[in-house]
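One structure below.
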Amino acid sequence: MSDLVSLTRRPTSPGEPAAAVRKVFVHTFGCQMNEADSQRMVELLGRHAFAPAASAEDADLILVNTCAVREKAEQKLLSALGRYREVKARRGALIAVSGCVAQQEKERLLARVPYVDFVFGPDNLGRLPEMLARAGQRERFAETGWMDSEEYVFPRADPEAARGRVTAFVTAMKGCDNVCAFCIVPHTRGREVSRPFPDVVAECAALADVGVREVTLIGQNVNSYAGGCDFPSLLRRVAAVPALARVRFTTSHPHDLSDALVEVFRDEPRVMPHFHLPVQSGSDAVLLRMRRDYTVAEYMGRFEKLRAARPGIAITTDFIVGFPGETDEDFERSMALLERARFDNSFSFVYSPRPHTGAIRRIGSAPEWVEVPREVAIARLERLQAAQRRISSEAMVRQVGETVEVLVEGALDGEEGRRFGRTPENRVVHLDAAPAQAPAAALLSVRVTRAHANSLSGEILVPT
Ligand code: SAM
Ligand code: SF4
């Protein structure tokens, strides 16, 4: 029995098996980096006699892995914690908070939420067993130190835990060295550290060995990767892993979209034709204040090169509306960019002032930094999102009648006889098929029969 288990065990109640395994429930907010961190935590705890709990109500340990990118994410954390308080009262569960809000708030979170047992930042994930032992001794603490880049060891995915999965995230780098004026990530995730390429490739190969067919390389700014080779070379190495059918990555900064990366899209069919390339605004004046270091013309130059290298590639983006000083004309430029680029999809947000960022210090300091009234920002967001819905749906409708390759991921919402998978462009396709006709991990040739708001329906032709 590990220290972790003995130190965190409640007294055994009559009838309970003496060696009962503790259960952990992880609630994840935010990006793919957080999802990957949550998986690593569950795997690590699995090696210390913890099994995943189906719900928080069954858990002995509740981990809330947080996002601080927008203020709303913090409010969601507080309301989730309110719900978990009852589980703590009933079962004596431990509650821990990790991720970006933990890193940002540190001890303040312990003071603000007295039933949280401990708090830890992203660099401390590997010390979870030791932290649990301390919490089991009724110590309350916040572990939010950084590790120097030379010391940092990336938590490795456990391939056995991925057995049965079709797709997996593989961490390529962490942190961000950019200084976008709206963004808290450099403060909560620290400086960029790239994982050595042999480790990334070995992890992809180990995942492929247990049946994973698609990997997504992740990092806050993944295309500035520098782990012994550059990002285009990393992609080529991963695409060469036998038995991997598909390679994706996210998220990229436009200024690191090199010609070499564009060439990978031209040459490597296993690198999927989807690129998430956040633009943030269609106005050069706003981009300058955001410190994005590209103009709309430069962004579109890279965008066109991608489309030329891989015709049909799906390009998606992020927009922020209501950044300080955004005028009606600036916003119209974002609308015009959306219509011109016809992004396949976009994630759009009202600007949320974040602590420790360049913008928050400047709001209201000059006419070009005037705050945009919330109702104006919301009205702009609604217009942008309505236009995006129309453009996305036109792109989906154009696919009807086409034959697409679908990588089957599994059952749709647990329904017998309904399966789903994704096209190379990352569009979800629903299939009316039995598991034997569309087994997980199969690559199927599918004819698209109908388009919906966020997905397609299709019928299976022949296996490819
Ligand atoms: N690294 C990526 C890039 O360079 O574009 C983005 C990562 S960021 C965590 C994800 C998205 O959240 C951003 O693209 C941006 O649109 C949005 N975001 C970040 N900070 C924000 C803020 N303060 N208010 C609103 N949206 C924000
Ligand atoms: Fe944030 Fe900018 Fe870094 Fe993206 S590139 S994580 S938006 S600071």
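The values are calculated or read from the model by the stated rules, or taken from the named source; none is laboratory data. This structure is a prediction, so every number in the text was calculated from the model and none was measured. Counting neighbours? That spans all protein chains shown, and the Cβs are built from the backbone with ideal geometry, glycine included.
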Scope the stretch 347-362; condition touching a residue at least 12 places away in the same chain (Cβ under 8 Å) and either away from ligand 2 (no atom under 15 Å from the Cβ) or hydrophobic (A, V, I, L, M, F, W, C) (or both); matching residues: PHE347, PHE349, VAL350, ALA359, ARG362
Some residue of the stretch 172-191 being away from ligand 2 (no atom under 16 Å from the Cβ), surrounded by fewer than 21 Cβ atoms within 10 Å (Cβ to Cβ) and either among the β-branched types (Val, Ile, Thr) or free of Cβ contacts under 8 Å to residues at least 40 places away in the same chain (or both): no
Checklist (1) basic (Lys, Arg); (2) in a helix (DSSP H, G or I); (3) within 25 Å of ALA206 (Cα to Cα) applied to ARG156, failing item: (2)
Matching residues in the stretch 91-140 - criterion: being free of Cβ contacts under 8 Å to residues at least 24 places away in the same chain and over 23 Å from VAL185 (Cα atoms): ALA111, PRO114, ASP117, GLU130, ARG134, ARG138, GLU139
Selected residue (criterion: farthest from LEU443 (Cα to Cα)) from residues of the stretch 214-265 that are within 16 Å of ligand 2 (Cβ to nearest atom) and among the β-branched types (Val, Ile, Thr): VAL222
Some residue of the stretch 232-248 being outside any helix (DSSP H, G or I), at pLDDT 95 or above, in contact with a Gly (Cβ under 8 Å, 6 or more places away or on another chain) and within 16 Å of ligand 1 (Cβ to nearest atom): no
Residue satisfying condition, being within 30 Å of GLU268 (Cβ to Cβ) and touching a residue at least 12 places away in the same chain (Cβ under 8 Å), within set GLN399, GLN385: GLN399
Tally, over the stretch 269-312, of residues that are away from ligand 2 (no atom under 13 Å from the Cβ), β-branched (Val, Ile, Thr) and under 24 Å from the mean Cα position of the chain (by Cα): 1
Set VAL212, VAL179: member being touching a strand residue (DSSP E or B) at 6+ places or on another chain (Cβ under 9 Å) and assigned to a loop (DSSP other than H, G, I, E, B): VAL212
Close pairs from the stretch 39-59: first more than 12 Å from VAL21 (Cα to Cα), partner surrounded by fewer than 20 Cβ atoms within 10 Å (Cβ to Cβ) and of a type in the set (Asp, Glu), Cβ under 6 Å, at least 6 apart: GLU43/ASP158
Qualifying strands (runs of 3 or more DSSP E) (wholly inside the stretch 50-98; at least 1 residues being closer than 16 Å to PRO114 by Cα and modelled with pLDDT of 95 or more): 61-66, 94-98
Positions within the stretch 282-327 being part of a strand (DSSP E or B) and within 14 Å of ligand 1 (Cβ to nearest atom), in sequence order: ILE315, THR316, THR317, ASP318, PHE319, ILE320, VAL321
Residue tally, condition within 16 Å of ligand 1 (Cβ to nearest atom), modelled with pLDDT under 95 and small (Gly, Ala, Ser), over the stretch 156-185: 1
All positions within the stretch 71-93 that are under 19 Å from the mean Cα position of the chain (by Cα) and under 18 Å from LYS23 (Cα atoms): none
